[in-house]
Structures are given as C-alpha cells and as structure tokens.
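Notes follow once the structure below has been shown.
Read-outs: derived from the displayed coordinates by stated rules, not from any lab. Nothing here was measured: the structure is a model prediction, and the numbers come from that model. Reconstructed Cβ throughout: ideal geometry from the backbone, glycine too, with neighbour counts over all protein chains shown.
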Amino acid sequence: MAGTDEGVKPRVVILKTGTTYPQIRDQFGDFEDWFVSKLSSQLDLTVADVTQAPPPGRPDGWHGVVVTGSPAMVSDREPWSEHAAGWLKDAVQANIPTFGVCYGHQLLAHALGGKVGYHPKGRETGTHSVTLLESAQTDPLFRHLPQQFSAQLTHKQSVLELPPGAVLLGATDFEPHQAFRIGENAWGVQFHPEFSDDVMRSYLHVQQPELEKEGWELGSLLNLVKPAPQATKLLELFSAWVLDKQRQ
C-alpha cells in the first residue's frame, strides 16, 4: 500500500483465527486484546474475525497484517482458513508487512507452499529458549534481539517444511522452525510474543489434564515459566517496521 498523508496512522488488520479458553478470556481477555496492548498506539488497528467472515477488503488496502493463534488446526483446511490463506498469499505478493503467530505462522507457511502438520514428537508448551541463526543477524526485526531469548509456546502442529524461498531465523531444541521470513516483509513465529507469563501459566493449568496424560509434570513446567520481554519486543519492532514503510 502506498504511503498515506503525514499524521494519518497506518492501518493494520489483526486477523483473528480463533478464541482462547473461556476461563483465560474471562481473566485476561482474548487473543486480539493481547496484540492490541503490545502493538504500537501509533497504528490504526482493526480486528477481523476470519472464522466468521472473510478478511476485509484487499490486502493492499492495509499497511500491515497480523495473524493470531488459534485452537484450530491448519491441516484440517477448513474453508475459512483456506480463504484466509489465499488472502495472506496475496498480501505477501503485494509486499504488505505481515506477521503471523503460531496458527498464523503455520497458515502463512501453508499459504506460500510449505507443509504444516502435527509435530512428530507431540506438544511443545511453556517457556523455552529460542536460538537465532546467523541469518537473523541481517533480518530487519530479529537483528535487534539477542542470539538466545525466552519465549512462550503452546502448540501441537508445526511448520514441517518451510515455503520455497523462506529464510529460517530461529529454532528451539524441540522445534526447528520457530521463526522464518519470506520476501522482505513477511514473518512467521511459532512462539507467542503476545503472551505474558501469567497467560502462559494459565494455559498450563487449563492444559493440566491433557499434559498429565502425555506424561508432563505440571509443577516442573510452571517452575520454568518466566517473562519473555525479548520475544514481546518483536511486536514493537514489527510496529516500527510498518510505521517506517508508511513514511516511505
């Protein structure tokens, strides 16, 4: 999208791809609330629930796109999800700054020709250390982060194969595809920069019955939870990237 008049806020759409657990929503709000609180107040943010209606307008009508997480599974290829994937592909081809998180990361990869499915070793959840690759040193966003930083995670599906031409930026011991960029303006991250440590703890408590069936020990996971400010900083950096692009 071409730059707008000076003083007009860049328009960014948050594509909401699902909703959190009711008990977490009642205490902390829903996915979009966490993004709105951490993206720049200099952005004109619009939330669009793509599970209920197609993404609004054409991608080139926006200065930026953010895609949330979801309890849905990309590999189910539900009609709303496939429609959103096509729209995302158009956004990337139009060079619109795009940032996908968890489901959004996977949907972006799927839209651009990658492979998404269940991780062969199961679930990744809790606070984990992300290690950046050498490629991150020249990335517009990730070059501002340390080589290792903590991040909040909860997912069963993963990007099993990156899209053609994607640049791998980061990994955890469990998940080799934690972050990637495609083109100059589109990023996907498997981790949750929008999560606070309190939200992460709440997820673990809600997941406790499933975690115990899978052999996890809740207390051990809870003891490892801590704030992840460097991961959260990515939303500030993406905001700054959108603002800079709008001025050009």
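Okay, here's what the table says:
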| quantity | calculated |
| --- | --- |
| Hits in the stretch 137-149 - residues which are surrounded by 21 or more Cβ atoms within 10 Å (Cβ to Cβ) and touching a strand residue (DSSP E or B) at 6+ places or on another chain (Cβ under 6 Å) | PHE142 |
| Residue selected from the stretch 183-212 under the condition of a type outside the set (Gly, Ala, Ser) and farther than 16 Å from THR154 by Cβ, by the criterion surrounded by the most Cβ atoms within 10 Å (Cβ to Cβ) | TRP187 |
| Residue in the stretch 224-235 that is closer than 27 Å to ARG25 by Cα, touching a His at 6+ places or on another chain (Cβ under 7 Å) and of a type in the set (Val, Ile, Thr) present | no |
| Failed item, numbered, when LYS89 is tested on (1) charged (D, E, K, R); (2) touching a residue at least 12 places away in the same chain (Cβ under 8 Å); (3) over 16 Å from ALA186 (Cβ atoms) | (3) |
| Given (1) in a loop (DSSP other than H, G, I, E, B); (2) without any contact (Cβ under 8 Å) to a residue 12 or more places away in the chain, index of the condition PRO54 fails | (2) |
| Looking only at the stretch 57-86, and only at residues there that are assigned to a helix (DSSP H, G or I) and among the polar types (S, T, N, Q), the one that is farthest from TRP241 (Cα to Cα) | SER75 |
